[in-house]
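Worksheet for the structure shown next.
The values are calculated or read from the model by the stated rules, or taken from the named source; none is laboratory data. As the structure is a prediction and not an experimental result, all values here were calculated from the model. Note that each Cβ is placed from the backbone with ideal geometry, even for glycine, and that neighbours are counted across all protein chains shown.
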Amino acid sequence: MAMLPLRLPTIQNWSCHNCSDCCRQHLIEITEEERQRIVDQNWKPKDGIPESQPVVEPHAGPPWNRRYRLAHTDDGSCVFLNEKGLCRIHAKFGEPAKPLACRIYPYAFHPAGKKVTVSLRFSCPSVVANLGKSVVENRDEIKAIGRLVVPDGADQIPPPLVTPGQKVDWDDILRFAEAFDGIIADTEDSLAERLHRVLFVLGVVDQSRFRLIRGEQLSEFLGIITEAAEDEDFPDEPQPVSGIGQMQFRLLVAQYARKDTVADLSGGFAAKLNLLKAALSFTTGKGETAALQDCFKPVPFSDIEQPFGAIPPEADEIFTRYLRVKIQGLHFCGRAYYDAPFVEGLQSLLLIIPSILWLARWLAVSDNRKSLRVEDIRQAMTIADHHHGYSPALGTRSFRRRVRILAQMGDLQRLVQWYLR
């Protein structure tokens with residue numbers, strides 16, 4: 001089958017800068033073919049791999065259907081990461097010899113009918129900082145990876161639901177995405193004002209039925225409610241979040257703040273006990289935060305919730321680009337996000353904005369500061385996006401119900417405005 005046309009996020013730049021964060025953070029699951037190829041490479045101590053160090057380890061599954069992953073050292077780094085922060089497989093055998101999961105990162109491919117949308121993972125610091133060549137300049141490289149990733153028959157994958165029980169075709173899903181992308185792209189207004197309009201339109205879509213509203217009629221409908229959103233009063237002051245909303249939000253933030261490397265997941269009973277203690281502290285929001293990873297120090301919850309002043313001016317561009325890349329790439333719903341319907345997935349994506357800002361405040365307080373720097377925003381985004389759409393916990397019923405509760409109670413709107421201003 002011929003490769004489907006790619007839809008690239010033209011506003012994004014990226015080139016690898018060999019920071020090696022991906023080699024320290026991610027569990028790399030490999031196929032049986034990749035496992036055999038790596039074993040046959042016959043790694044020796046002279047290559048930097050100790051005789052006693054496995055290069056591949058069982059990951060999951062029964063003995064007759066075992067899944068494998070690349071082995072990791074005691075600090076959680078991939079065993080193939082050398083002292084210069086480079087990949088030993090790449091250095092010795094070339095880039096094509098690496099596991100496919102390593103070659104894809106940080107790109108993400110999402111079939112969308114007769115095309116494939118491309119997004120990026122902002123767990124990569126170079127993506128967050130928009131460093132490197134334009135994604136358009138990387139088209140040939142992306143296309144080559146896409147041929148390896150996008151399965152035959154991808155054009156037959158059904159679109160996500162709009163809301164539970166509501167189906168539209170791929171062209172209409174893309175119309176929804178373009179409408180929300182257009183609101184966020186209008187940078188004449190502040191991000192807080194744009195997201196106020198996004199949430200208004202999203203609320204109307206959530207309550208509407210689209211059995212007869214399709215194609216050009218849908219475009220007209222979205223245009224009408226987008227114009228209506230511009231007339232919505234923007235509150236002079238953010239409204240406080242409800243007590244239940246605060247608790248649900250803290251638990252969401254705690255999940256984003258975790259560091260689930262192989263080393264962390266192999267910590268045994270003590271690690272599980274620490275996570276339980278952390279969950280209890282974030283449930284109550286009293287006392288000090290649990291240090292879920294080294295960059296976060298135990299600090300009073302009250303210090304994080306104190307006024308921090310305006311967010312750094314550069315944060316507007318970072319958040320705008322983040323949301324637009326995710327929306328253009330459909331990196332928030334359907335198979336790209338736990339099979340969530342469009343509305344629920346977009347609600348989850350919007351919730352990551354206050355989550356990032358909460359984590360950024362935690363980083364600042366850990367450094368004895370009461371104001372945010374752009375570096376706090378960038379680091380918090382890499383931490384949160386590491387999990388978004390990839391942590392199994394975020395796809396569970398309990399976490400997805402948490403998003404619905406926050407949206408239904410109006411706390412999603414309040415959280416976005418509270419932390420942005």
Q.
Give me the residue from region 396-421 that is closer than 19 Å to residue 257 by Cα and among the polar types (S, T, N, Q) and, out of that set, surrounded by the most Cβ atoms within 10 Å (Cβ to Cβ).
A. 396
Q) Which pairs have Cβ atoms under 9 Å, sit 6 or more apart or on different chains, and link a residue in region 393-421 that is touching a residue at least 12 places away in the same chain (Cβ under 8 Å) and at positive phi to one that is buried (at least 19 other Cβ atoms within 10 Å of the Cβ) and polar (S, T, N, Q)? A) none
Q.
For region 324-362, give me the residue count where each residue is aliphatic (A, V, I, L, M) and either over 21 Å from residue 402 (Cα atoms) or in contact with a Ser or Thr (Cβ under 9 Å, 6 or more places away or on another chain) (or both).
A. 7
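Would you please name the residue that is modelled with the lowest pLDDT, looking only at residues in region 210-228 that are among the hydrophobic types (A, V, I, L, M, F, W, C) and part of a loop (DSSP other than H, G, I, E, B)? Even if it seems obvious, please write down each step before you answer.
Going through region 210-228, the residues among the hydrophobic types (A, V, I, L, M, F, W, C) turn out to be 210, 212-213, 218, 221-222, 224-225, 228.
Imposing the further condition that a residue be part of a loop (DSSP other than H, G, I, E, B) reduces the set to 210, 212-213.
On the way: 210: 95, 212: 90, 213: 94.
The selected residue is 212.
Being of a type in the set (Phe, Trp, Tyr), surrounded by 14 or more Cβ atoms within 10 Å (Cβ to Cβ) and not assigned by TED's automatic domain parsing to the domain that holds residue 11 is true for just one of 109, 80. Which residue is that?
Numbers: 109 fails: not assigned by TED's automatic domain parsing to the domain that holds residue 11.
Unique residue meeting the criteria: 80.
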Q: Look at residue 137 and say whether it is over 21 Å from the mean Cα position of the chain (by Cα), at pLDDT below 95 and in a helix (DSSP H, G or I).
A: no
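Could you say whether any residue in region 144-161 is in a loop (DSSP other than H, G, I, E, B), acidic (Asp, Glu), surrounded by fewer than 20 Cβ atoms within 10 Å (Cβ to Cβ) and in contact (Cβ under 8 Å) with a residue 12 or more places away in the chain? Working first, answer last.
Residues of region 144-161 in a loop (DSSP other than H, G, I, E, B): 150-153, 157-161.
With the extra rule that they be acidic (Asp, Glu), the set shrinks to 152.
Those left that are additionally surrounded by fewer than 20 Cβ atoms within 10 Å (Cβ to Cβ): 152.
In the following step, the residues that additionally are in contact (Cβ under 8 Å) with a residue 12 or more places away in the chain were identified as 152.
Yes, some residue in region 144-161 is in a loop (DSSP other than H, G, I, E, B), acidic (Asp, Glu), surrounded by fewer than 20 Cβ atoms within 10 Å (Cβ to Cβ) and in contact (Cβ under 8 Å) with a residue 12 or more places away in the chain.
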**Q.** residue 341, sole failed condition from (1) surrounded by fewer than 21 Cβ atoms within 10 Å (Cβ to Cβ); (2) over 29 Å from residue 9 (Cβ atoms)
**A.** (2)
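Among the residues of region 177-209 satisfying the criterion of being outside any helix (DSSP H, G or I) and either assigned by TED's automatic domain parsing to the domain that holds residue 118 or not basic (Lys, Arg) (or both), which is surrounded by the fewest Cβ atoms within 10 Å (Cβ to Cβ)?
In the first step, residues of region 177-209 are kept if they are outside any helix (DSSP H, G or I); the result is 186-190, 208-209.
Those left that are additionally either assigned by TED's automatic domain parsing to the domain that holds residue 118 or not basic (Lys, Arg) (or both): 186-190, 208.
On the way: 186: 13, 187: 11, 188: 6, 189: 14, 190: 13, 208: 13.
Taking the candidates together, the pick is 188.
Could you check, for region 234-255, whether at least one of its residues is in the same structural domain as residue 289 (by TED's automatic domain parsing), part of a loop (DSSP other than H, G, I, E, B) and under 18 Å from residue 182 (Cα atoms)? Steps first, please.
Let us first name the residues in region 234-255 that are in the same structural domain as residue 289 (by TED's automatic domain parsing), namely 234-255.
Subset that is part of a loop (DSSP other than H, G, I, E, B): 234-242.
Filter once more, so that each one left must be under 18 Å from residue 182 (Cα atoms): none.
Within region 234-255, not a single residue is in the same structural domain as residue 289 (by TED's automatic domain parsing), part of a loop (DSSP other than H, G, I, E, B) and under 18 Å from residue 182 (Cα atoms).
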Q) Given the conditions (1) closer than 14 Å to residue 101 by Cβ; (2) assigned by TED's automatic domain parsing to the domain that holds residue 92; (3) crowded, with 19+ Cβ neighbours inside 10 Å, which single one is not true for residue 33? A) (3)
